[in-house]
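As structure tokens, the structure follows; a few thoughts come after it.
The values are calculated or read from the model by the stated rules, or taken from the named source; none is laboratory data. Every value quoted in this text rests on a predicted model; they were computed, and no experiment measured them. For neighbour counting, all protein chains shown are included, and Cβ atoms are generated from backbone atoms with ideal geometry for every residue, glycine included.
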Amino acid sequence: MVDNIILGFSASLTPVNLLYCLIGVTLGTIVGVLPGLGPVSSIALLLPLTYKTDLLSAVIMLSGIYYGVQYGGTITSVLMNIPGEASTVVTCIDGYQMAKKGRAGAALGIAAFGSFIAGTFGIILLMFLAPPLAKIALMMGPPEYTALMIMGLSLVIYLSSKSMIKSLMMGVLGLLLGTIGMDPISGQIRFGMGIKNLMDGVDLAPMAMGLFGLAEVFMLIESKEGHNEFLNVKTKLREILPNRKDWKESFFPITRGSVFGFLMGILPGGGAVMASFISYAMEKRLSKHPEKFGTGAIEGVAGPESSNNAAAIGAFVPLLTLGIPANVVMALLIGAFMIHGVNPGPLLLRDNPVLFWGIITSMYIGNILLLIQNVPLIGLFVKILKVPPKIMAPLITVICFIGAYGINNSVSGILIVIIFGTMGYLMRKFRYDPAPLILAFVLGPLMEDTLRQSMMLFRGDILQIFQRPIATALLGITLFLIISPLITKLFKLRFSKPIFIDDNT
Amino acid sequence: MRIRDLVSSLFFLFLGVLFLIGSFSYSIWDRYGPGPGLFPLLLGSIFSILSLILFLVSSLRKKHQEDELKESDSMKYSVINRTFIFLCFLFGFYFLFDRLGFLFTIFFFIIGTLNLFGKRSIKLSLSVSALTSLLTYFIFVRLLGVQLPAGILENVFRLY
């Protein structure tokens, strides 16, 4: 193992590869900051550039973009309530609230350090556990995935600090919106209403930008003179970094997020988005003060941020060991391999050990570069908050619109941002939580696919799902999570105070 | 909040029923198994039921059980007015972006929005608007290669 690591570092620490790694993580951070420009579009744009470069350098740069994006997305989520990436949507919930309390630096700091720790932890796991874990991932069939999705969605209930029925409604609405567009099995267009741009469904990025970013602008518009809540924010690096208490509160969320995120990353389709949402729900569930979530709890930033970075690393397991892409970005990376006539998979380690270990060790370097690059910049990022809302509001709107336009080079993206922005604003007024809607929208298409495949597999008898041990275990956990608060409530009612009070006494 | 819950639940009930009816346009079950209509049918039903439950719960809730409205919940006339104007600006941006081009659309949008927040000095409005338009051009068009519509300046852009 030590020989392999030395071999990997000797390949990844060459000046050229160091430069490619730096370009990758820097581009990734920029892409993450800009809403609408995701890792998929940026890697797709840069793929032709890798024709003439060495394969190792190309993969180092492209993977640097991928995990750099996870951090970049955090910056706008915390500072402007605009998720730069789908995997940082959940960071908006507590990250932005922390910024409102003058703790943006602590949120960004813990996100940077948490991402670094989780990333490094993920790389170590990738080195040791890649082959056996990939085999387990292969044991998961459609029924197991259906159960996993149901578990993920049930956890949505815990995401929301608001009414449970309203959260459920938003979850189901998210699933319904996910059905718009082409049915992946029959190819039929559903609920397209004859609109060409709805044929591929509603884009996630403009939708998230509207629900979170533009809705925030609407709220800013309400305050007549645009009162700046952030005027007293500290910007000196020493004053804003996470303190001892923050570290104490974040230790376990980072640890859990690292392990859990890595495992989620391995699962095809799971990825960073689902890892961050479930991590948030898990932290809220395990917290002694769940009421703090949604009001600026640092655990709500530390857990999801660690898990999305660990998931980004975990996604390399099926790619490097089995040649199976866990998500679209990994599929593009396979493209880079193929351009150079190399097939990633079980034979990669035997035939191309320099490449295999070079990629893995470059991730250590990439993570260190991200930390060196981002921590000193936190002070600068926080200064953005001092820009008066009256100037910030139109700027946020323009950034959202250009990001949405850039996805398909069409104004329909702008229209989606406006529609969902208005909807997000009204949802705030009517006290509906947008987070469950977004998660359900992301999971919806995958859930429908796996559910229909399972029903075909069981010839319509969905109850046969209970004959599969992994699926049964996942559904059991879901049931436990749903009924445990009810049981706790009943217990409290039973043993604390009498339920009915006699008026005569 | 009771009234708002009643209104929103009715709206969502209507939406749920629309999805429910729409799902029947697609095959629910065929000889190959579940069709494209099954999932929307299930979801439409669940959504309608949940909306109905919210409606019933809200209508049964007594006035004294009302949640307290926060400042952020307020919907005063002046607020609605300003929000409506902002919404018009947003739709204006949408309609003009392709036609007028990104430089002018962004410029006018920012001037308009800055004034919506109250009277600003013309100098500040003009400089912020011009700077944003130019920065958008250099960052998105020149640096990142995003193709933004040039609109009426198309011939000028072609030269560069």
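With A:SER42, A:SER77 as the choices, which residue is modelled with pLDDT under 80, under 22 Å from B:THR136 (Cβ atoms) and part of a helix (DSSP H, G or I)?
A:SER42
I need the full set of residues from region A:53-68 which are assigned to a helix (DSSP H, G or I) and either among the small types (Gly, Ala, Ser) or at pLDDT below 80 (or both), in order please.
Across region A:53-68, the qualifying residues are A:SER57, A:ALA58, A:SER63, A:GLY64, A:TYR67, A:GLY68.
A quick yes/no check of all residues on (1) in a helix (DSSP H, G or I); (2) closer than 24 Å to A:ALA440 by Cβ; (3) at pLDDT below 80:
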residue: A:ASP246; (1), (2), (3): yes, no, no
residue: A:PHE252; (1), (2), (3): yes, no, no
residue: A:GLY257; (1), (2), (3): yes, yes, no
residue: A:LEU263; (1), (2), (3): yes, yes, no
residue: A:GLY269; (1), (2), (3): no, yes, yes
residue: A:SER276; (1), (2), (3): yes, yes, no
residue: A:MET282; (1), (2), (3): yes, yes, no
residue: A:LYS288; (1), (2), (3): no, no, no
residue: A:GLY296; (1), (2), (3): no, no, no
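Taking only region A:179-219 into account, find how many residues are over 16 Å from A:PHE420 (Cβ atoms) and not in a loop (DSSP other than H, G, I, E, B).
4
For region A:381-402, check the following and say yes or no: at least one residue is among the hydroxyl-bearing types (Ser, Thr, Tyr), under 24 Å from the mean Cα position of the chain (by Cα) and more than 14 Å from every other protein chain (Cβ to nearest Cβ).
No, region A:381-402 has no match at all.
Mind counting the residues in region B:1-23 that are outside any loop (DSSP other than H, G, I, E, B) and surrounded by fewer than 20 Cβ atoms within 10 Å (Cβ to Cβ)?
Residues in region B:1-23 being outside any loop (DSSP other than H, G, I, E, B) and surrounded by fewer than 20 Cβ atoms within 10 Å (Cβ to Cβ): 15 in total.
Quickly run through region A:422-470 and pick out the residues that are among the polar types (S, T, N, Q) and farther than 30 Å from B:ILE80 by Cβ.
Residues satisfying the conditions are A:THR450, A:GLN453, A:SER454, A:GLN464, A:GLN467.
Out of the residues in region A:182-204 that are free of Cβ contacts under 8 Å to residues at least 24 places away in the same chain, among the aliphatic types (A, V, I, L, M) and buried (at least 18 other Cβ atoms within 10 Å of the Cβ), which is nearest to the other protein chains (Cβ to nearest Cβ)?
Looking at residues that are free of Cβ contacts under 8 Å to residues at least 24 places away in the same chain, among the aliphatic types (A, V, I, L, M) and buried (at least 18 other Cβ atoms within 10 Å of the Cβ), I get A:ILE189.
Suppose we keep only residues that are of a type outside the set (Lys, Arg) and either under 22 Å from A:MET392 (Cβ atoms) or part of a helix (DSSP H, G or I) (or both) within region B:147-158. Which one would you say is modelled with the lowest pLDDT?
In this case the residue turns out to be B:PHE157.
Can you name the residue in region B:24-44 that is within 8 Å of another protein chain (Cβ to nearest Cβ) and over 22 Å from A:ASP461 (Cβ atoms) and is also surrounded by the fewest Cβ atoms within 10 Å (Cβ to Cβ) among such residues?
B:TYR26
Would you check if A:LEU19 is among the aliphatic types (A, V, I, L, M) and at pLDDT below 80?
no
Right, B:LEU126: surrounded by fewer than 17 Cβ atoms within 10 Å (Cβ to Cβ) and in the same structural domain as B:LEU87 (by TED's automatic domain parsing) or not?
yes
Conditions (1) modelled with pLDDT of 85 or more; (2) closer than 25 Å to A:PHE218 by Cβ; (3) within 7 Å of chain A (Cβ to nearest Cβ), marked per residue:
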position	(1), (2), (3)
B:ASP67	no, yes, no
B:ILE106	yes, yes, yes
B:ILE110	yes, yes, yes
B:LYS119	no, yes, no
B:ALA130	yes, no, no
B:LEU134	yes, no, no
B:TYR160	no, no, no
